[in-house]
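See structure below.
The values are calculated or read from the model by the stated rules, or taken from the named source; none is laboratory data. Just so you know, these numbers come straight off a predicted model, no measurement behind them. Cβ placement follows ideal geometry from the backbone for every residue including glycine, while neighbour counts extend to all protein chains displayed. Side chains are part of the model used for accessible areas, which takes the heavy atoms of the whole protein and leaves out ligands, DNA and RNA. Shrake-Rupley method; radii C 1.70, N 1.55, O 1.52, S 1.80 Å.
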Amino acid sequence: MAGNIEILQSIPLFTLLNKQQLEEVEKSIIERNYQKGRIIFMEGEPGEAIFFIKSGRVKVTKQAKDGREHILHFIYPGEVFAEVILFDEGNYPATAEVVEDCTVGLIRNADMERIIGNHPDMALALLKIMARRLRIAQNQLVELALMDTTRRAASMLLFLAGEQGIKTDRGTVINISLTNQDLANLIGTSRETANRILNDFKRQKAIDIKKSQVTILDKYRLRTWI
């Protein structure tokens with residue numbers, strides 16, 4: 001696994017800092033390891049730190065009033081999450097759950113505020129990260145309002161392929177373990193409906209699924225559902 005300095009250099013939030021400044025940031029990092037299924041923080045808990053992933057993957061979710069889980073997004077190595085609490089000093093607005101054994105670095109709010117105070121350009125970098133997440137959330141809301149479940153599923157698979165796709169001879173592999181329930185939680189439907197839609201995509205040879213890993217065989221055919 002890469003060291004903290006190397007990882008910090010790859011994170012957009014810290015790319016404007018030189019090596020000496022990165023070493024200053026590194027002193028504030030607390031490293032933690034989590035196994036799959038562990039909760040890093042729960043929605044509503046006091047927001048105490050900003051996090052970044054060194055290895056593994058995390059999903060960020062909110063719980064609807066009816067108890068259903070809605071996946072807001074997946075977080076991958078080199079990405080920051082829980083950044084919003086630096087601005088409103090409130091509680092965590094969502095839950096972060098480990099979906100693949102991971103190592104995370106966290107920087108407590110007081111330390112992060114001091115670092116940003118010394119390097120104001122980082123505040124702009126944080127706003128850019130938040131703006132990107134806001135655009136994704138807005139797109140999800142539009143799709144929930146205007147698209148049926150089949151269209152939402154096709155759109156989400158193409159989005160994930162663009163975010164975490166690995167091109168192979170067969171097609172583009174979505175490099176995360178994606179169960180039917182995960183897809184259902186991403187597009188706001190039931191597991192049974194998600195299962196039916198995925199089977200439809202498979203019958204049309206648009207995708208293939210093996211051990212919860214989706215491969216986009218024909219992205220053009222998948223787009224015809226949108």
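Observations, loosely collected:
- Fluctuation leader among Arg32, Arg57, Arg152 - the chain, Gaussian network, Cα springs under 10 angstrom: Arg32
- Amide H within-cut-off set for Gly44, under 5 Å, with H built and near neighbours excluded: Tyr92, Ala94
- Shape of the stretch 101-226, Cα gyration tensor, a/c cut at 1.5: prolate
- Model label zone, Arg135; criterion: amide N under 18 Å from point 7 Å along Cα-to-beta-carbon; scope the stretch 48-79: 73-76, 79
- Inter-label distance, nm, simple model (7 Å from Cα along the C-beta direction), Asp169/Ser212: 2.8 nm
- Modelled label reach - Met42, point 7 Å along Cα→Cβ, the stretch 67-91 residues with backbone N closer than 19 Å: 67-72, 82, 90-91
- Dividing the summed helix terms, -39500 (n - 2.57) for each DSSP H run of n ≥ 4, by the number of residues in the chain produces a 222 nm estimate of -13000 deg cm²/dmol to the nearest 500.
- Cut-off 10 Å between beta-carbons: net charge of the residues surrounding Leu217, Lys and Arg +1, Asp and Glu -1: +3
- Counting charges near Thr150 (Lys, Arg +1; Asp, Glu -1) among other residues having Cβ under 11 Å from its Cβ returns a value of +1.
- In sequence order, calculated HN-Hα J values of the stretch 155-169 (Karplus, 6.51, -1.76, 1.60; Hz; x Gly/Pro): 4, 5, 4, 5, 5, 5, 5, x, 7, 9, x, 10, 6, 10, 5
- Across the stretch 52-64, rounded Karplus estimates of 3J(HN,Hα) from the backbone phi angles (6.51 cos²θ - 1.76 cosθ + 1.60, θ = phi - 60°) give 9, 9, 8, 7, x, 9, 9, 10, 10, 10, 10, 9, 6 Hz, Gly and Pro being marked x.
- Given (1) 20; (2) 36; (3) 29, the label whose value is percent of Cα pairs over 30 Å apart derived from this model: (3)
- Anisotropy class of the stretch 1-81 from Cα gyration tensor, a/c 1.5 cut: prolate
- Residues whose amide H lies under 5 Å from that of Val58, counting only those 5 or more places away or on a different chain, are Ile75, Val99; hydrogens are built 1.01 Å from N in the peptide plane.
- When each of the peptides 33-40, 58-65 is scored by the mean number of other C-beta atoms lying within 10 Å of its residues, the order from highest to lowest reads 58-65, 33-40.
- Largest accessible area first, the listed residues Glu31, Glu97 line up as Glu31, Glu97 when surface is computed with a 1.4 Å probe on the assembled protein chains.
- Set Lys27/Lys62; Lys36/Lys205; Lys36/Lys210; Lys167/Lys210 screened for pairs whose C-alpha atoms are more than 25 Å apart: Lys27/Lys62; Lys36/Lys205
- Summarising the amide proton neighbourhood of Arg38: residues at separation of 5 or more, or on other chains, whose placed amide H is nearer than 5 Å comprise Val98.
- Karplus (6.51, -1.76, 1.60) ³J(HN,Hα), θ = phi - 60°, over the stretch 20-29, in Hz, Gly and Pro reported as x: 5, 5, 5, 5, 5, 5, 4, 5, 8, 7
- Rounded, prolate or oblate (a/c below 1.5 giving rounded, otherwise prolate when a/b exceeds b/c) for the stretch 174-216 by Cα gyration tensor: oblate
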